[in-house]
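Please read the structure below before turning to the comments.
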Amino acid sequence: MQLDYKKINFDTKWIQNGSKSIIYTESINSTLSIALDKEHQINHQGKVVITDNQTSGKGTHGKQWISTPYKDLTFSIILGSNINFGQQLVDECCLAMVQVLSSYNIKARVKHPNDIYINNKKIVGILLSNIQSSGLKNKIYQALSIGMNVNSAIDIKTIDVGAKVSSTSVLLELGKEVDREALLKLIIENIDSAIQKLVYL
């Protein structure tokens with residue numbers, strides 16, 4: 001089922017809140033295509049780019065993040081160029097995702113530098129990406145991307161022979177589907193708190 005993004009209203013401080021805080025496209029190669037676009041970086045800092053069908057999701061070291069259309073969550077947050085975030089943001093976001101999962105009574109752990117595992121199975125991947133602008137100002141634009149296995153019921157190793165680890169999902173851990181809209185709201189609000197720790201020092 002398509003994400004009912006129009007009903008989501010984030011209670012956030014740094015990430016934009018309200019009904020216009022989401023840039024939604026039903027299908028795209030990667031949400032980073034929009035999130036790292038210079039025009040979006042300049043005009044839409046703090047917005048969340050999300051899709052229901054990410055066909056070429058990006059993972060660490062050029063690997064592909066595989067998700068199930070209309071079942072999982074794949075999105076990027078436009079960070080802009082005002083602050084040069086680094087691994088500390090990824091670390092804070094990893095802890096935030098562990099906290100989100102604990103809200104569903106799921107015990108997860110951080111696998112450094114940017115993954116969340118349940119036992120020995122991956123459930124979340126976090127990626128901080130940037131592009132450098134050309135010209136005199138030479139700014140660095142950044143985006144934070146998150147892929148989370150939510151209502152999918154497949155192990156990545158069954159569809160990707162090159163996968164080195166198994167995957168799990170919220171569905172597989174709880175034995176039932178969860179509301180993606182409610183989960184997305186919880187994730188974004190926890191990520192917002194993580195960003196605030198670094199922005200408002």
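Gain in length, Thr25 to Glu181, computed as 0.36 nm per residue apart minus the alpha-carbon separation, to one decimal in nm?
54.6 nm
Would you mind checking segment 23-39 for residues with the amide N under 11 Å from a putative spin-label position 7 Å along Cα→C-beta of Ser133?
Once the point is set 7 Å along Cα→Cβ of Ser133, 38-39 turn out to lie under 11 Å by backbone N, inside segment 23-39.
How much of the calculated P(r) for segment 71-138 lies past 15 Å, in percent of all Cα pairs?
60
In 10 Å bins starting at zero, report the fraction of Cα pairs in segment 1-61 per bin as a rounded %.
22, 48, 29, 1
Using alpha carbon coordinates only, what is the Rg to Rh ratio of the chain, with Rh defined as the Kirkwood radius?
Here Rg/Rh amounts to 0.94.
With each run of n ≥ 4 DSSP H residues scored as -39500 (n - 2.57), what mean residue ellipticity at 222 nm is computed for the chain after dividing by its residue count and rounding to the nearest 500 deg cm²/dmol?
Values: 5 runs with 51 residues, N = 201.
Mean residue ellipticity at 222 nm (helix-derived): -7500 deg cm²/dmol.
In square angstrom, what is the accessible area per residue of the chain with a 1.4 angstrom probe?
Ligands and nucleic acids excluded, the result is 50 Å² per residue.
Residues of segment 165-201 with backbone nitrogen within less than 16 Å of a virtual label 7 Å along the Cα-to-Cβ line of Gln88, please, listed as ranges.
Only 193-201 pass the distance filter.
Loop only by DSSP, 13 or fewer other Cβ within 10 Å of the Cβ. Give me the trypsin sites (Lys or Arg not before Pro) in segment 76-130 that pass, ordered by residue number. Write down the numbers at each step before the final one.
Numbers: sites: Lys107, Arg109, Lys111, Lys121, Lys122; in loops: Lys107.
Within segment 76-130, the qualifying trypsin sites (Lys or Arg not before Pro) (loop, at most 13 other Cβ atoms within 10 Å) are Lys107.
With the full set of protein chains in place, find how many percent of the accessible area of segment 8-107 is carbon and sulfur; take the probe as 1.4 Å.
Looking at segment 8-107 in its full context, I get 44 percent from C and S.
Would you count, across segment 1-133, every pair of lysines whose alpha carbons are under 22 angstrom apart, provided the pair is eight or more residues apart or spans two chains?
28
The values are calculated or read from the model by the stated rules, or taken from the named source; none is laboratory data. This is a predicted model, so every value here is computed, not measured. Cβ sites come from the backbone with ideal geometry, for glycine too, and all protein chains shown count toward neighbours. Ligands, DNA and RNA are stripped out before the accessible areas are found, and what is left, the full protein with its side chains, is counted by its heavy atoms. Shrake-Rupley method; radii C 1.70, N 1.55, O 1.52, S 1.80 Å.
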